[in-house]
Amino acid sequence: MIAALRKGALRDVVVVIVVVFGVGSIAMLLAHVSPLDGFGALFDGAFGTPEEVAETLVQATNLLFPALGIAIAFRAGLFNIGAEGQLILGGFAAGWLGAQFPLPPYLAVPMVLLAGALAGGAWGAIPGFLRARFGANEVIATLMLNVIAVLLTTYLVTGPLQQGGGGAAETAALPKAAQIPDLIALAADPHFTLAYLLTPFVVAIVLAFVLWRVLARTVFGYELRAAGEAPEAARRAGIDLGRTAFVAMALSGAIAGLGGATIVSGGLHRFNTGLSPGYGFIAIAVALVGNLDPRWIIVASIAFGMLQSGGIAMQAEAGVPREVVTLVTGLVIIALAGRRVVANRRST
Amino acid sequence: MRKRFGAVQAVDGVDLELHPGEIHALVGENGAGKSTLAAIAYGAVRADEGSVDANGVVGLVHQHFKLIDRLRVWENVLLNREPKRGWTIDVAAARERVRTLASTYGLAVDPDAVVETLPVGIKQRVELLRELDREPSVLLLDEPTAALAPSEIASFFTTIGDLAKRGTAILVVTHKLAEVIAYSQRVTVMRAGRVIASHLTSETSADAIAREMVGGEVPALAARAATTVAPLLEVRALSARSATSALANATFDVRAGEIVGVAGIEGNGQTALADALAGVVPFTGELIYEGAPLHAGDTPASRLARGIRVIPQDRRHEALVLDWNVRDNVVLGRQQSLAIARYGDAAREVIERFDVRPADPNAVVAQLSGGNQQKIVVGRTLTSAPKLVVAYQPTRGIDIGAAALVQSRLIEARNAGAGVLLISFELDEIFACADRVLVIANGTFVGSFDRASIDRGRIGALMAGHA
């Protein structure tokens, strides 16, 4: 069942490129902008200066964490649509706890990241438990929990835990000790120190390779993939499908939650309601374009990160509405889904 | 006709002629190219070279049913050809059309039954009815009797024979040589994508065809060694239920060092029995294994840990991960106990002892023939030192050579001291392998025979539900 989602990966790349440039060009022509200027502004905005390259990589990182989480769940046969909520809750836990307990850096950073992973993991574990215990559909459960996560955190930072100055809907600023360095700071002040090994970008790439190895070379990964590909055969081979669903969803949520924590600790330095412009949803496309393979997801996240960061420049410099990026992202998902249906028909 | 799949030349320059009114049998080992040829003739697969000329509609009944389980019989039979009344489907007319069709061909079936609730034998009737509704002038049948009971097979061929008499040209792809001899007029033998021989059936024999199929002598079954039997599994008043099958109040023993055959027509409680032993459905009654009870809430993992190994009936859904390679499928069920570094060794052992072709641990299982897929399932079961083997239709839809190999390995496991419960719908298989035969009908055990006192007629009558 999961194999069907992953068939014809190489041709998918062609589909993505055709959709991005083809539909993007049409949309720009409709906005009376030359596609050459529009895409020129997009690339220039994404890669024109060191700061813009850094911004592209930061956007890529913010997509990479939830995309990796989504891929883990998908590989186990579970359609986790809830990465957005898991990421937001992870970011909230990191921001609130980090501001609450002043600790030395070697404790504060791990605490903030762990808090994010645990909160996201718990948010993922809920649908995992419902699925394992009652056979509840995880698509609906995760979708609903997204809404709950947004409303719950919004309530908390506008109500009982509102700590921002002037009534802003945010938690108090993180102390320096709980912050990790980010690439934008490096681009502005190019003095590399060992601390940059902790930038979210590096952490995410290391995590991707670890997950790739775990999936390919461990018993846990083997059982997870078996449950996703052939649940009945897996069950008869002694694999506990309920337990696998629970663990996969918890892990998936934890990775997305860790992503939320890195946005807080590495970029915003506090939690606020503008934490995510929908990273958890765009990440579904990233995971699928990356063929649910952590290594390719790195590449896909950089491509989508480019669209995210270049989109702003495109609007400012070429006058192309930023919504073109949203349009293109949506069409990529539709095109990939369509291609897979066709590939499946041919293979059977 | 020529067709290549990747590195495999599946069909390699084949000419075949079917005549109206004739049942033409196409036989050959797994991977000989029979199914591919049928799929090309039907139009489901495009040939690389060659052409098909048919005088009318070509119908194909697949070995693996292509039915929509959630729909009713009439919906499946008339799919895309539903009688309309204005914008809507005329359900009454549809029902009537299926009923008429069924009675015309003697294929009794309830038009309103939901397909997923039907036993395999009835599902096949639905498949056949679907093709017959298109009034084919050529009908291709791929392994049509693989899942049928002895009595059903005879009536199936009566139906097919009637169809031939009305002028339909019929091609039956099969492994069962007894059926070829009994029911076909012409037989073509394929091997490695080529036609080896073509005869009038009256001018050849099952032995001669078998030799042509395997390209030499048919392998004999392994010899049965004298064993000392010891208590292994005691089943007391076992009742269980699985999706399409129920078992009530079964009491019997399986001892170490013997093969106990369960003879019966499909859908009489065999699936519930196998599933209860596998730990995938709950049960009532007692199962005493090696002197200690098995519990109704046991997981499949705990049964595996105690040395109970089940070869499930449906290898494609219940046993294999089709998109994985041979190596990863060989270790399925042992992934916890076997070190990852040893996966390759385990795969090579199964490939060697069970003659899996291609002999490549990295080959994707979906691309292997059914017989080679089954060798992987049986091989991984028997190479993992099982104490109790439950083999449910272990040779379903596979050829003579592969079936003889599987049966021999089961006998060797018995010789080595394992207890084997062989559940099969094919009496010949049970008689060839079993030390004792139990007969199952309507979900209960209705007879027991020692090897020395096997009475084929009596067993057949018991299977059909005559006390």
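The values are calculated or read from the model by the stated rules, or taken from the named source; none is laboratory data. Every value quoted in this text rests on a predicted model; they were computed, and no experiment measured them. Neighbour counts run over all protein chains shown; Cβ positions are idealised from the backbone, glycine included.
Below, the figures for the structure above:
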quantity: Check on B:T271, surrounded by fewer than 21 Cβ atoms within 10 Å (Cβ to Cβ), within 24 Å of B:V378 (Cα to Cα) and within 14 Å of chain A (Cβ to nearest Cβ); calculated: no
quantity: Which listed residue, of B:R334, B:R306, is in contact (Cβ under 8 Å) with a residue 12 or more places away in the chain and either touching an Asp or Glu at 6+ places or on another chain (Cβ under 9 Å) or over 26 Å from B:G371 (Cα atoms) (or both); calculated: B:R306
quantity: Residue check, B:A32 of a type outside the set (S, T, N, Q), in contact with a strand residue (DSSP E or B) (Cβ under 8 Å, 6 or more places away or on another chain), free of Cβ contacts under 8 Å to residues at least 40 places away in the same chain and in a loop (DSSP other than H, G, I, E, B); calculated: no
quantity: Strands (runs of 3 or more DSSP E) wholly inside the range B:277-337 containing at least 3 residues that are out of contact with any His (no Cβ under 7 Å at 6 or more places or on another chain) and away from chain A (no Cβ under 11 Å); calculated: B:283-289, B:292-294
quantity: Subset of the range B:393-428 (residues that are over 19 Å from B:F445 (Cα atoms) and of a type in the set (D, E)); calculated: B:D399, B:E412, B:D428
quantity: In the range B:76-90, the residues that are outside any loop (DSSP other than H, G, I, E, B) and in contact with a helix residue (DSSP H, G or I) (Cβ under 8 Å, 6 or more places away or on another chain); calculated: B:N76, B:V77, B:R85
quantity: Residue among A:L258, A:L288 that alone is in a helix (DSSP H, G or I) and under 26 Å from A:Q179 (Cα atoms); calculated: A:L258
quantity: Subset of the range A:261-272 that is buried (at least 23 other Cβ atoms within 10 Å of the Cβ) and assigned to a helix (DSSP H, G or I) - its residue that is farthest from the other protein chains (Cβ to nearest Cβ); calculated: A:V264
quantity: Residue that is surrounded by the fewest Cβ atoms within 10 Å (Cβ to Cβ), among those in the range A:226-247 that are more than 8 Å from chain B (Cβ to nearest Cβ), of a type in the set (A, V, I, L, M, F, W, C) and under 19 Å from B:V321 (Cα atoms); calculated: A:L241
quantity: Qualifying residue in the range B:160-182 (condition: under 24 Å from B:N55 (Cα atoms), of a type in the set (S, T, N, Q), in contact (Cβ under 8 Å) with a residue 40 or more places away in the chain and surrounded by fewer than 20 Cβ atoms within 10 Å (Cβ to Cβ)); calculated: no
quantity: Where B:V187 falls short, out of the listed (1) part of a loop (DSSP other than H, G, I, E, B); (2) of a type in the set (A, V, I, L, M, F, W, C); (3) surrounded by 15 or more Cβ atoms within 10 Å (Cβ to Cβ); calculated: (1)
quantity: Lone unmet requirement of (1) under 22 Å from A:F209 (Cβ atoms); (2) touching a residue at least 12 places away in the same chain (Cβ under 8 Å) for A:V299; calculated: (2)
quantity: Checklist (1) away from chain A (no Cβ under 14 Å); (2) in contact with a strand residue (DSSP E or B) (Cβ under 7 Å, 6 or more places away or on another chain); (3) crowded, with 17+ Cβ neighbours inside 10 Å; (4) of a type outside the set (A, V, I, L, M) applied to B:R241, failing item; calculated: (2)
quantity: Condition broken by B:I288, with the remaining ones in (1) surrounded by 21 or more Cβ atoms within 10 Å (Cβ to Cβ); (2) at pLDDT 95 or above satisfied; calculated: (1)
quantity: Complete set of residues in the range B:64-107 that are aliphatic (A, V, I, L, M) and buried (at least 16 other Cβ atoms within 10 Å of the Cβ); calculated: B:L67, B:V73, B:V77, B:L78, B:V91, B:A94, B:V98, B:L101, B:A102, B:L107
quantity: Matching residues in the range A:14-25 - criterion: being free of Cβ contacts under 8 Å to residues at least 40 places away in the same chain and closer than 18 Å to A:G305 by Cβ; calculated: A:I17, A:F21
quantity: Residue identified as under 18 Å from B:L368 (Cβ atoms) and touching a residue at least 60 places away in the same chain (Cβ under 8 Å) among B:I311, B:I351; calculated: B:I311
quantity: Flag if A:A208 is more than 10 Å from chain B (Cβ to nearest Cβ) and in contact with a Lys or Arg (Cβ under 6 Å, 6 or more places away or on another chain); calculated: no
quantity: Filter result for B:D48 (over 22 Å from B:G401 (Cα atoms) and free of Cβ contacts under 8 Å to residues at least 40 places away in the same chain); calculated: no
quantity: Whichever residue in the range B:337-348 is hydrophobic (A, V, I, L, M, F, W, C) and in contact (Cβ under 8 Å) with a residue 12 or more places away in the chain and, among such residues, is surrounded by the fewest Cβ atoms within 10 Å (Cβ to Cβ); calculated: B:A346
quantity: Within the range B:214-228, considering residues that are among the aliphatic types (A, V, I, L, M) and under 23 Å from B:A418 (Cα atoms), the one farthest from the chain's Cα centre (by Cα); calculated: B:A226
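The rows are residues; the columns are (1) among the acidic types (D, E); (2) under 16 Å from A:T244 (Cβ atoms); (3) modelled with pLDDT of 90 or more.
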{"position": "A:I88", "(1), (2), (3)": "no, no, yes"}
{"position": "A:A93", "(1), (2), (3)": "no, no, yes"}
{"position": "A:Q100", "(1), (2), (3)": "no, no, no"}
{"position": "A:P104", "(1), (2), (3)": "no, no, no"}
{"position": "A:V112", "(1), (2), (3)": "no, no, yes"}
{"position": "A:A119", "(1), (2), (3)": "no, no, yes"}
{"position": "A:F129", "(1), (2), (3)": "no, yes, yes"}
{"position": "A:E138", "(1), (2), (3)": "yes, yes, yes"}
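A quick yes/no check of all residues on (1) polar (S, T, N, Q); (2) crowded, with 17+ Cβ neighbours inside 10 Å; (3) in contact with a helix residue (DSSP H, G or I) (Cβ under 6 Å, 6 or more places away or on another chain); (4) outside any loop (DSSP other than H, G, I, E, B):
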site	(1), (2), (3), (4)
B:N362	yes, no, no, no
B:Q374	yes, yes, yes, yes
B:V378	no, yes, yes, yes
B:V406	no, yes, yes, yes
B:L421	no, yes, no, yes
B:V439	no, yes, yes, yes
B:V446	no, yes, yes, yes
